[in-house]
Amino acid sequence: MAIASAPGRVCLLGEHAVVYGEPALTCAIGLRTRAEARPAPRTRVHNPMAPDSPYLREVLRWFHTRCPDQGVHLRVASALPAASGLASSASVTLAALGALNHEFLLGLSPRGLAAIGHQVERRVQGRASPMDTLTAALGGALLHPGGRRLPIPRVGLVVGETHVARSTGRMVDRVARLRGRHTPTASHLLSSIGDLSRRGETALRRGDLPTLGRLMDLDHQMLTALGVSHPRLDTLVEAARGAGALGAKLTGAGGGGCMVALAPEPQGVARAIRRAGGTPILTRPDSAGIRQETKMGGGREDES
Ligand code: PMV
């Protein structure tokens with residue numbers, strides 16, 4: 001029996017623009033998915049959050065091409081809210097791949113697992129950039145495309161859930177349509193977001209958190225201009241800034257889901273998010289990507 005875990009992530013800068021080849025910065029967070037794999041007479045999945053997860057179906061399809069006659073019992077538990085901008089699907093996919101890799105001695109490296117995870121996401125979603133599966137596999141703060149490692153920001157992160165449902169695919173399509181109708185303006189916005197990521201890379205390398213925060217604020221404005229924010233996201237972002245966050249923005253595809261704030265004093269920011277009607281989650285940057293575990297646990301690394 002083997003247990004592996006993989007983190008979720010926030011986008012510090014650059015989502016949507018990364019789909020058009022611009023740079024983006026992601027950071028793994030202390031909310032994880034754990035998966036346990038053990039040999040079994042026939043294959044079955046136990047995943048209380050999503051009993052019929054298409055990601056796990058694709059993972060098992062891949063596994064059975066590698067090990068055609070091997071049954072497996074896969075048990076999965078995630079601390080990440082689904083479909084909310086925290087890359088829960090990449091976290092579930094990589095945790096499951098990691099457990100299978102260890103249990104059946106498949107010998108894949110974290111980057112190898114990320115590449116398989118990316119294929120899984122593409123099969124399920126039709127399109128997906130490799131940044132989420134790379135972040136789940138490698139952990140830490142990464143520059144995309146490519147996943148070059150950057151220093152992690154030494155600061156608390158407060159995620160705010162709006163509980164507004166949205167779909168990544170629809171939000172990506174919305175940007176594509178805007179780009180089709182207003183090509184120069186949308187392209188300009190997307191390349192300006194890329195510039196923010198480049199400046200963010202320098203800020204992270206210097207450990208300059210106030211600059212990183214200001215870049216996140218600007219990024220939220222540009223994402224709003226692209227039409228991927230939501231009034232509930234804007235409210236939580238404002239509340240976090242008012243409570244002393246260095247910066248705050250939507251994370252992931254937007255249109256609902258979650259925002260993230262860079263918060264040296266997370267408790268005050270969390271209270272402000274709650275007062276503004278959101279659900280705060282206090283977390284931290286996490287330098288660990290996919291890793292072996294000894295027990296299933298709850299998936300929160302930051303509850304101590
Ligand atoms: O909302 P999420 O966690 O699925 O993130 C989507 C990020 C995008 O840049 C909008 C799309 C992508 O594939 O990079």
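The values are calculated or read from the model by the stated rules, or taken from the named source; none is laboratory data. Please read these numbers as outputs of a predicted model, since none were measured by experiment. Glycine gets a Cβ as well: all are built from the backbone with ideal geometry, and neighbour counts include every protein chain shown. Just the protein is used for accessible areas: all its heavy atoms, side chains included, with ligands, DNA and RNA removed. Shrake-Rupley method; radii C 1.70, N 1.55, O 1.52, S 1.80 Å.
Odds and ends about this structure:
- Note on Asp52: accessible area approximately 110 square angstrom, rounded to 10, probe 1.4 Å, nucleic acids and ligands left out.
- Kyte-Doolittle at least -1.0, axis length at least 30 Å by Cα - qualifying DSSP helices, the chain: 183-206
- Peptides 53-65, 180-192, 271-283, 78-90 ranked from most to least packed, by the mean per-residue count of other Cβ atoms within 10 Å: 78-90, 271-283, 53-65, 180-192.
- For the set Val45, Val18, the ranking by accessible area, highest first and with no ligand, DNA or RNA atoms included, is Val45, Val18 under a 1.4 Å probe.
- Residues in the range 68-91 that a label on Met296 would reach, taking backbone N under 11 Å of a point 7 Å out along Cα→Cβ: 74-78
- Val159 - accessible surface, heavy atoms, 1.4 Å probe, Å² rounded to 10: 0 Å²
- Listed residue (Leu196, Ala165, Ala176) projecting farthest to the positive dipole end of the range 159-200, Cβ model: Ala176
- For the chain, the dipole from Cβ point charges (+1 on Lys and Arg, -1 on Asp and Glu) about the Cα centre works out to 300 debye, to the nearest 20.
- Difference of contour (0.36 nm per residue) and Cα-Cα distance, Thr43 to Arg206: 53.8 nm
- Assuming charge only on the beta carbon of Lys and Arg (+1) and of Asp and Glu (-1), the dipole of the range 2-151 about its Cα centre is about 220 debye to the nearest 20.
- Counting protein heavy atoms only, the range 156-283 has 52 percent of its accessible area on carbon and sulfur, 1.4 angstrom probe.
- Inter-centroid distance (Cα atoms) of the range 233-304 relative to the range 127-176, Å: 13 Å
- Think of the range 1-153 as having a plus end and a minus end, set by charges on the Cβ of Lys, Arg, Asp and Glu; of Phe104, Gly21, Leu80, Phe104 sits farthest toward the positive end of this dipole.
- A 1.4 Å probe run over the protein chains yields, for the chain, 41 Å² of accessible area per residue, whole-number rounding.
- Length available on full extension from Arg181 to Arg275: 0.36 nm per residue minus the Cα-Cα distance, which gives 30.0 nm.
- Largest to smallest accessible area among Ile3, Ile290 [probe 1.4 Å]: Ile290, Ile3
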